[in-house]
Each structure stands twice: as structure tokens, then as C-alpha cells.
Amino acid sequence: MKLVVNVVNLSTPAGVIVGLIGRAKFSRGPRGLFYATGYKLNFPVASAFTIGNLILSKHDREYFDARPVLVQHEERHSWQYFCLLGLPMFPLYVLGVVWSWCRTGCPASRNPFERLAGLDDGNYTEYPVQPLGQTVSQAFSALRSRPKGP
């Protein structure tokens with residue numbers, strides 16, 4: 001049922017388009033999931049991410065075969081697309097990233113979608129809440145310390 005709904009709500013077709021743009025190789029995964037491996041783009045910065053029922057990654061298929069807990073984490077995201085009727089997940093997820101970054105300096109730690117999918121299962125660290133001023137200060141410090149070059 002989730003597979004059909006995530007095709008109809010356009011989230012899985014959107015994932016296929018992203019996978020094609022990223023020149024990924026497609027294969028069937030477990031429980032109605034699909035993999036798009038060898039993803040070539042550097043965005044988003046993650047070992048894997050899910051759009052609809054499609055898990056995208058720069059890694060190969062064996063990466064997922066060796067990490068069933070990560071696949072379960074990504075599968076939970078596919079259920080989030082199902083529950084949110086597909087594409088509304090994108091802006092809501094971005095709001096979750098902003099919220100989490102403002103609270104902790106980390107885009108995942110307080111993101112409700114990552115927390116519901118299981119932070120540990122997705123290899124995320126839970127950071128404590130900190131004042132917004134501290135988060136902004138850390139961000140500017142990181143920008144100033146980046147090497148300058150071509």
C-alpha cells in the first residue's frame with residue numbers, strides 16, 4: 001500500500017527524477033523500497049536519504065546490505081512521505097532542519113522527522129539544546145576558520 005500511495009502522491013517519482021539527475025543506478029530493495037546507488041551529487045550531505053520509497057546514496061548496494069538498521073531508518077522516512085501525502089514532506093523537513101540547527105547547531109539532532117525515524121538508527125548524534133546565540137557564534141567561527149582558496 002505504501003508503495004502505491006508514494007507513487008500516486010508523487011514522492012517516489014520525484015525521487016526517481018533526483019536519482020536520474022544524480023546519475024544513480026536503480027535496484028529493488030526490501031519491503032517495497034528501491035535503491036538509487038552511486039548518486040553523484042554532493043547534496044544533501046548524508047550517507048543516504050529517502051524520497052518516497054527510494055533510498056538514494058553515493059554508496060553501492062552492498063553498503064545497505066551491511067546496514068539493515070540504516071535501511072529501517074530510511075524506511076521510516078518512506079512512511080513519513082506516506083503519512084504527509086508526499087511532497088509536503090519537503091518543506092516540512094526543511095523546517096525541521098532549521099528548527100534543529102537553531103536549537104542545537106546540528107540539522108538532525110532536534111529534527112522531528114529524524115527523531116521519529118530513530119536518530120541512532122540513522123547514525124546521528126543527539127546534541128543538547130543550546131542558546132541560539134551560541135549556535136550562530138559557532139557557525140560564524142566555522143566560516144572564519146575555513147581555508148580560503150580557489
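If you place +1 on the Cβ of every Lys and Arg and -1 on the Cβ of every Asp and Glu, how big does the dipole about the Cα centre of the range 1-86 come out, in debye to the nearest 20?
For the range 1-86, the charge dipole is close to 120 debye.
Once every DSSP H run of n ≥ 4 in the chain is given -39500 (n - 2.57) and the sum is divided by its residues, what mean residue ellipticity at 222 nm do you get, rounded to the nearest 500 deg cm²/dmol?
That calculation yields -15000 deg cm²/dmol at 222 nm.
With point charges of +1 on the Cβ of Lys and Arg and -1 on the Cβ of Asp and Glu, referenced to the Cα centre of the range 1-86, which listed residue (PHE34, ALA24, GLN72) lies farthest in the positive direction of the dipole?
The residue sitting farthest along the positive end of the dipole is ALA24.
State to the nearest 20 debye the size of the charge dipole of the range 88-150 about its Cα centre, where the only charges are +1 on K and R beta carbons and -1 on D and E beta carbons. Could you put the intermediate results ahead of the total?
Numbers: 6 positive and 4 negative charges, 84 e Å.
Using Cβ point charges on Lys, Arg, Asp and Glu, the range 88-150 gives about 400 debye.
Taking LYS25 as the anchor, which lysines have their alpha carbon closer than 17 Å to its alpha carbon, excluding any fewer than eight residues away along the same chain?
By straight Cα distance, LYS25 reaches LYS40, LYS58.
In the range 24-105, which trypsin sites (Lys or Arg not before Pro) fall in coil by DSSP and have 15 or fewer other Cβ atoms within 10 Å?
In loop regions of the range 24-105 (DSSP not H, G, I, E or B), the sparsely surrounded trypsin sites (Lys or Arg not before Pro) are ARG31, LYS40.
In whole Hz and in residue order, list the ³J(HN,Hα) couplings for the range 53-69 that follow from phi through the Karplus curve 6.51 cos²θ - 1.76 cosθ + 1.60, θ = phi - 60°; x for Gly and Pro.
9, 10, 9, 9, 7, 6, 7, 8, 4, 4, 4, 6, 4, 8, 10, x, 5
Tell me, what HN-Hα J-couplings in whole Hz come from the Karplus equation 6.51 cos²θ - 1.76 cosθ + 1.60 at θ = phi - 60° for each residue of the range 101-111, using x for Gly and Pro?
Result, ordered by residue: 4, 4, 7, 10, x, 10, x, 10, 4, 10, 6 Hz.
Please find the FRET efficiency linking LYS148 to LYS58, where r is the Cβ-Cβ separation and R0 is fixed at 30 Å, and quote it to the nearest 0.05.
The computed FRET efficiency comes out at 0.65.
So how strong a dipole does the chain carry about its Cα centre when Lys and Arg Cβ are +1 and Asp and Glu Cβ are -1, to the nearest 20 debye?
440 debye
Taken together, the values in this text are just the output of simple stated rules run on the coordinates, not laboratory data. None of these values were measured; they are calculated from a predicted model. Don't worry about glycine lacking a Cβ; one is built from the backbone with ideal geometry, like all the others, and counts go over all protein chains shown.
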